[in-house]
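Inspection log for the structure reproduced underneath, given as C-alpha cells.
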Amino acid sequence: MPLPKKLKCFVIMPFSGTTIRHTTKYWTEFYEELLKPLIEANSDVHAYRSEALRGDILSQIITDLVYSDIVVADLTDANPNVYWELGVRQSFSHRTITIIESGHELPFDLGIKGTLRYDTKRPESMTTFKSKFSEALKDCIANPTRPDSHVIQTITGRGTIYEIIHHDETERRLQAVLNELATNQNKFTGIVKRVRSNQKLSNPTHWSFVTSRFIVSAIELLVTNRYHEASETFYEKAEYTYSAILAWNEQLPIWQLRPERTQQWMIRQVERKEWPLNDVISDFQKLADAELRALQSRL
C-alpha cells in the first residue's frame, strides 16, 4: 500500500545577507537547523525553499507560491523579494504562516495579520515560538479553507469587491431586461394596430406589414445564465415570456409571404382571453421590476 502523499510547505525567506548579522550563512543555517526541522516535526509535511537553479527560477517560485499546500514567510529585515512573494501567495491561496524576528516592525497592511515572533537569543522566546508555530501548522492542515488572506477575502467575500461588482452587473442586466420588455410592449402595440387596420380592408393586397422582430437578447441572457438569485417561479415566468416572444418572432418574417394565414394566427393570439403577449410581458415586467428594486436595496 503506497504511503500517503505529504503536504508541501514552501518557505519564503532571503537567499543572501540582509544585514551585517543576517548573512547568507545565517539564513541558510536558520532554515536548515530551525525552520525545516520544526516544519517536518509534523510527519505529514515536507519543507522546501527555492534554490538558485538554472532556468526560469521566477516561474518556478510563482508555481511553488500558488500550488504549495502551505507557505511560511519570514518577514525579518523587510526583504522586498519576500514581500513580493507573499503578495503573490496571498493573491491565490490561504494557509500562509508569517513569522518575524522580535524587534522588527511590520507595515500597516500586515499589522492586522497574526504574525509569530521569535528571538533566537532567548531560549524561552523560542520555546513559545515553536509551540505557536506548531499550532499554526496543525491549523493549516486541519482547516485548509480557513481564510487568512485579506486579498482573497476582499475580492471574493460577502460585501466585498467581487460581490459589489456582481451586484452592479446584475442590476444593469435586470434594467436591460426591463428596457427590452418595454420596447417589445410598444412594438406589440404597434403590431396590433396594424392588424386591426388590415382587418378593415377586405383585400389582403392592400394590407401593410411589420417584418422587424422583437428583441430578446437581454431576456435570453437571463433565462440561459440565471445570473440573478431568484425563485423558480420568477424563472418560469421568464422562460414563458421568452417563448411567447420567440413565437411572435417566427411569424413576423412570414406575415407578408402568407398574409391571411399569419394574420389569422395573430388575431387568435391577440383575442385570447388567457395571457396574450401583452399580458405576458406586463406580468413579467412587474416581477422583474420587483426583483430590481429588491436588489437595489441590498447594498
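Each reported figure results from applying straightforward, stated rules to the coordinates on display, with no laboratory input. Every value quoted in this text rests on a predicted model; they were computed, and no experiment measured them. Because the Cβ atoms are built from the backbone with ideal geometry, glycine has one as well, and the counts that use them run over all protein chains shown.
Mind checking which of Ile20, Ile61, Ile191 has the largest fluctuation in a GNM of the chain, springs on alpha carbons under 10 Å? Answer for the Gaussian network model of the chain: Ile20. Compared with the dominant Cα axis of the chain, that is its longest principal axis, helix 161-199 is turned about 10°. For the chain, the relative contact order is 13 percent, taking Cα pairs closer than 8 Å that sit 6 or more residues apart in sequence and dividing their mean separation by the residue count. Taking the longest Cα principal axis of the chain as reference, the axis of helix 232-251 is set at about 50 degrees.
Against the chain, whose longest principal axis comes from its Cα atoms, helix 57-67 is set at around 70 degrees.
Residue ranges 257-263, 91-97 sort as 91-97, 257-263 when ordered by packing (mean number of other C-beta atoms within 10 Å per residue, highest first).
In region 174-299, Cα pairs under 8 Å separated by at least six residues give a relative contact order of 34 percent.
Kindly put Met126, Met13, Met266 in sequence by how many other C-beta atoms sit within 10 Å of each C-beta, fewest to most.
Fewest-to-most ranking of Met126, Met13, Met266: Met126, Met266, Met13.
Over the chain, with a single point scatterer placed on each C-alpha, what log10 of the ratio I(q)/I(0) does the Debye formula yield at q = 0.10, 0.13 1/Å? Values, matching the q order: -0.70, -0.91.
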